[in-house]
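Notes follow once the structure below has been shown.
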Amino acid sequence: MLSYGSAWLAYSVLGLGLTLRWRNRALSLSALVCVALTAIWGAVVAIGSQFEYPPVKLIEIAEAARNGAWMFLLYNLYSQMLDGKGRFFGNRQWLPWFFAGICLLLVHLFTSGWLLERLGLPAELERTFTFLMWLGFTLGSLVLLEQVFRLSSLTERWRLKYLFLGLGSIFVFDFLMYTEGLILRQVNPLLWEARGFIVAFTAPLLGISILRSQKRSPEAQVSRNVVFHTVTLLLAGVYLIFISCVAFAINVYGGTWGGVLQITFLSVAGIFFLTVVLSSRARDVLRVWMSKHFFSYRYDYRREWLDFTQTLAESANATPTAITQAMTKLCGSPSALLWMRADNGEFSLIENWQMEEPGDVGDFRPMVEWLERTAWIIDFNERQYHPEVYTDLKLPEGLENFQRVWLIVPLMFTNRLQGILLMTRPDVLPQMNWEDRDLLKVAGRAAATHLARFQAHASLVELRQFEAFNRLSAYVVHDLKNILAQQSLILSNASRHREKPEFIDDVFETIDNSVQRMTRLMAQMRSGLRGSRRETVELVPLLERVISNKSNTMPVPRMVRARREYLVEADAEQLTTVFGHIIQNAQDATSPGGTVTVSLQEEQDRVKVLIKDSGVGMDENFIKNRLFTPFDTTKGLTGMGIGVVESRDYIRGLGGEVQVMSKPGVGSCFTVVLPCASHLHLNKNKAVSEEAVVGK
């Protein structure tokens, strides 16, 4: 009596002190519940020990409630320290399993004796199973306590070290007592009597730890999740103690039917308990009740905003879906529709989340004007009972017939309505107040920003597609200009050379070449790709063919004989066009008596093609600001200013570069740097060999 009475007194005083300091919102409600259940446990054991036949089951229930509360507190600390990193503990998925374990413990306490009797097993096994159960309980608590200590920082250990010492002392003593009881098949009376004093001694340690926790921050507040789960635990504990008392009374006064009635009652009570715990409606009702009675504000804005932004970030590739999910999560709506404003001012449906597509709902313009003027959230429940708030509002006809319609939230981007979000009623319909509206307005503006960015990105993608097509068209027109120049040259020479067989052969060859080039151009226009084909090209013969084609124009280009053959990976036709364009420009810039030379140099795994001329040259300012600017040309109407730009872009696409050196009056040197194909093949073979070695 004295031992456990001291435990009851110590924890009652501690609980009273904590209650008086409830004004400090940093106080943990979980700790207060644990202290209260520990005081109740001390009182139950102290009073029960005065009876000739102590109520063993009731004492065991009180001990299960005490141990379960402290374990729940440790689980909460462990989850907070993981900060969502663990899939099971970090995201509170352990909570249903925790309550299921408590239920199994109670089922064991009340049904193990009856089950052993029905199976014809020795009654002594009940005591063995009970000792094993308590050993598992205390061992699990010690392991959890060690995990919390290991994850805590130095600051957290300063605040919690006395909590670790106090709970560690309780669980270690219980572990030693139940281990000896399992070996000897009975609890040591001396250990049992001393146990109450040990628990009473830990009360100051726990009080110091809780007081230190209060000093963490004068602005700190209790987490709503912690309060929710703590209140759930408290209600569950009260419920379990109640059904335990009823079951004990049934067992005492039930007579011959006592055992059957007890098992039936416990089973029904357990099913009812699990039904309530797993009910989303019950959880919503409890959250609303807590918001009204425990907090001055309805929402934990920090957590709501973190969840909102996290939902938007997780579905960044599907912005309309992310917006509907993030907004509906704020108020618990099960489904939603989202309309977006188009460039012409009309609104089109872009997301029907967990709803069927409604089709044409009517004219949005009157409602859009009202929303842009008021920026007010339309609450259909409020509209039904207070229509004076919405006197000027005219809704589309289709929206009036929607099932379970609840809210219409305007997504305002600056002062412009960017989107309209319609949400349906949840199972538990909360009463909308100023706090709900402010939260939805702020979230709606953030969602409108994402929606505007989504729309701008779609427009930008479309513009880039047109830009790519226009660029391709410009290159094709440039090639057509060259083909037209060939045909014009034929016509200009036809009057003088039409009787010559060599001229006729050259005409047919030129026409055949023009037809092939135009056919390839049409294919490029259809596919949208240009120069995408890759093949191994012998560079020296290709340059010789280009020089041969340009030999009819003065000055005739000359090629310095290369030391060996060079191979590159490219589209032969496109590479021919590049070199042909550079050589043609060199000829145009050089007088008929000047020189144009083509030479090759090897540099490690790259080959340089140098095209030098003795023409007019270019100054540094022209090279820097005008040479590679599209549609900037010095050839008047005969040039387009995109040939050199196209050439550089293509060479860069091959992994090379175009370098230019020039001086006015001296001449220019264009250097085309290309990676050698032999080096590329060597690297590929080396990579394949390394993969084969790794595979072995």
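Tell me, what is the 1.4 Å probe accessible area of Phe164, in Å² to the nearest 10?
20 Å²
Around Leu142, with a cut-off of 14 angstrom between Cβ atoms, what is the net charge of the other residues, counting Lys and Arg +1 and Asp and Glu -1?
On the way: positive: Arg150; negative: Glu146, Asp174.
Charge balance in the 14 Å sphere: -1.
May I ask which of Lys550/Lys663; Lys612/Lys663; Lys329/Lys394 have a Cα-Cα span longer than 21 Å here?
Lys550/Lys663; Lys329/Lys394
State the answer as a single residue: which of Leu139, Leu165, Gly120 lies farthest towards the positive end of the charge dipole of the stretch 111-174, with beta carbon charges of +1 for Lys and Arg and -1 for Asp and Glu, about the Cα centre.
After comparing all options, I get Leu165.
For Trp158, tell me the accessible area in Å² from a 1.4 Å probe, rounded to the nearest 10.
Here the residue's solvent-accessible area equals roughly 120 Å².
With just the Cα atoms defining each centre, how far is the stretch 143-183 from the stretch 413-437? Give it in Å.
The two parts, judged by their Cα centres, are 48 Å apart.
Could you please report the charge total around Leu543, scoring K, R as +1 and D, E as -1 over all other residues with beta-carbon less than 15 angstrom from its beta-carbon?
Net local charge, Leu543 excluded: +3.
Sort Tyr78, Tyr53 by accessible area with a 1.4 Å probe, largest first.
Ranking Tyr78, Tyr53 by accessible area, largest first, yields Tyr53, Tyr78.
Per-residue accessible area for Ser488 at 1.4 Å probe radius, Å² rounded to 10?
Counting only protein heavy atoms, Ser488 exposes about 60 Å² to solvent.
Considering only protein heavy atoms and a 1.4 Å probe, what is the carbon-and-sulfur percentage of the accessible area of the stretch 118-157? Working shown, then result.
Details: 1590 of 2390 Å².
Carbon and sulfur together cover 67 percent of it.
Please work out the average accessible area per residue across the stretch 300-431, using the 1.4 Å probe convention, and give it in Å².
Value for the stretch 300-431: 53 Å² per residue.
The values are calculated or read from the model by the stated rules, or taken from the named source; none is laboratory data. Predicted, not measured: the structure shown is a model, and the values here were computed from it. Ideal geometry is used to build each Cβ from the backbone, glycine not excepted, and the neighbour counts take in all protein chains shown. Heads up: the accessible areas ignore ligands, DNA and RNA and are worked out on the full protein's heavy atoms, side chains in. Shrake-Rupley method; radii C 1.70, N 1.55, O 1.52, S 1.80 Å.
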